[in-house]
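Since every read-out is calculated from the coordinates, none of them should be taken as a lab result. Worth saying up front: this structure is predicted, and the values here are computed from it rather than measured. Please note: Cβ atoms are built from the backbone with ideal geometry, for glycine as well, and neighbour counts cover all protein chains shown.
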Amino acid sequence: AGSLGFTYCQVPILYKLSEKRGIAIFAGDGAARQLEGLEMEAADSARIFGRSGEIARIEVQLQPGLE
């Protein structure tokens with residue numbers, strides 16, 4: 001409960017309710033980066049669109065009631 005998952009360009013993306021908003025990007029080698037805010041860098045977007053496999057999954061944290 002409190003989450004929504006789907007895939008985009010073969011990358012699993014999970015939206016979750018959280019105390020603060022942000023994006024966690026998990027690499028194929030297991031490394032993770034936490035971004036503040038809800039914007040990704042262009043290079044990460046290119047990796048997703050290119051289906052490079054470098055990004056294993058993305059978790060987006062949203063605050064309840066965020067509009």
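For this structure, a couple of remarks:
- Radius 15 Å from Cβ of Gln34, net charge of other residues (Lys, Arg +1; Asp, Glu -1): -1
- Calculated SAXS-style log₁₀ I(q)/I(0) at q = 0.12, 0.15, 0.24 Å⁻¹ - the chain, Debye, Cα scatterers: -0.29, -0.46, -1.08
- Label point 7 Å beyond Cα of Ser18 along Cβ direction - residues of region 43-67 with amide nitrogen under 11 Å: 58-63
- Sparse-neighbour loop sites [GluC sites (Glu not before Pro); region 1-39; at most 11 other C-beta within 10 Å; DSSP]: Glu19, Glu39
- With loop membership from DSSP and a limit of 16 other Cβ atoms within 10 Å, the longest segment of the chain without trypsin sites (Lys or Arg not before Pro) is 22-50.
- Label separation (Ala42 vs Gln10): 2.5 nm, computed from points 7 Å beyond Cα along the C-beta direction.
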